[in-house]
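Below is one structure, written out as structure tokens; comments come after it.
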Amino acid sequence: KAGVTQTPRYLIKTRGQQVTLSCSPISGHRSVSWYQQTPGQGLQFLFEYFSETQRNKGNFPGRFSGRQFSNSRSEMNVSTLELGDSALYLCASSSDGLFNEQFFGPGTRLTVL
Amino acid sequence: AQRVTQPEKLLSVFKGAPVELKCNYSYSGSPELFWYVQYSRQRLQLLLRHISRESIKGFTADLNKGETSFHLKKPFAQEEDSAMYYCALNTGRRALTFGSGTRLQVQP
């Protein structure tokens with residue numbers, strides 16, 4: 001099976017712009033979770049989608065949003081970018097089930113100037 | 001609130017020495033704990049989970065609810081074990097709370 005893919009891998013934006021990141025889960029996986037990784041805060045949960053519905057959300061401002069399509073691909077959007085949004089954004093997919101493993105993608109490195 | 005603490009940023013050992021990576025958690029519910037590993041230039045991957053009670057690559061971890069700990073252990077470290085290790089707590093619906101990570105450096 002192909003692993004989780006994320007596009008683009010690198011992105012440079014300026015403050016105030018918006019950005020959309022994409023995640024394609026492993027075939028057959030319907031759950032997609034997003035995480036932000038920064039040197040200061042570490043890995044933090046953003047949100048999780050299953051069957052096009054957001055099931056859980058972390059403690060991030062409303063500028064961070066996401067969606068999931070019928071083919072389970074997911075996008076996350078960050079509007080009005082701030083310098084502090086510079087981070088590695090990871091997505092993870094899993095098949096639904098109580099203890100199912102999350103498989104992580106390589107991440108998108110976002111730099112906000 | 002849920003919290004995962006990994007007190008050591010860096011743990012350096014010699015090849016063949018025992019390894020223990022510490023993880024403590026705070027969670028009011030029934031914990032579901034994992035260890036994830038990230039080798040150099042590779043993506044984050046699951047190493048083991050408490051529910052499986054398995055040994056992966058010689059690593060084991062036991063959940064101690066009394067001490068709220070889930071330490072990762074290996075009796076004899078290998079150079080290929082050098083990596084970043086993260087302890088994670090599932091707080092529901094694929095919402096993992098990660099510790100800050102411990103870099104394990106195994107010297108020859």
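Summary of computed values
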read-out	value
Candidates B:28, B:55, B:69: whichever shows maximal mean-square fluctuation once chain B is modelled as a Gaussian network with Cα springs under 10 Å	B:28
Geometric extent, Cα atoms of chain A - Rg, Dmax (angstrom)	13.3, 41
Estimated translational D of segment B:1-65 in µm²/s (Stokes, Kirkwood radius over Cα pairs; 37 °C; 0.692 mPa s)	241
Estimated translational D of segment B:31-73 in µm²/s (Stokes, Kirkwood radius over Cα pairs; 20 °C; 1.002 mPa s)	194
Counting all C-alpha pairs of the protein assembly as shown, share separated by more than 23 Å (%)	48
Selection from A:37, A:64, A:17 lying farthest towards where the dipole of segment A:8-81 points positive, charges on Cβ	A:17
Radius of gyration and Dmax over the Cα atoms of segment A:29-94, both given in Å	11.7, 35
Calculated log₁₀ intensity ratio I(q)/I(0) where the Debye formula runs over C-alpha points of segment A:9-50, q = 0.32 Å⁻¹	-1.13
Subset of A:57/B:22; B:9/B:74; B:9/B:73; B:15/B:57 violating a 25 Å alpha-carbon distance limit	A:57/B:22
Karplus (6.51, -1.76, 1.60) ³J(HN,Hα), θ = phi - 60°, over segment B:33-41, in Hz, Gly and Pro reported as x	10, 9, 10, 10, 10, 10, 7, 3, 6
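Bear in mind these aren't lab numbers, they're just calculated from the coordinates by the rules spelled out. On a predicted model such as this, the values are computed, not experimentally measured, just so you know. All Cβ positions, glycine included, derive from the backbone under ideal geometry; neighbour counts span all protein chains shown.
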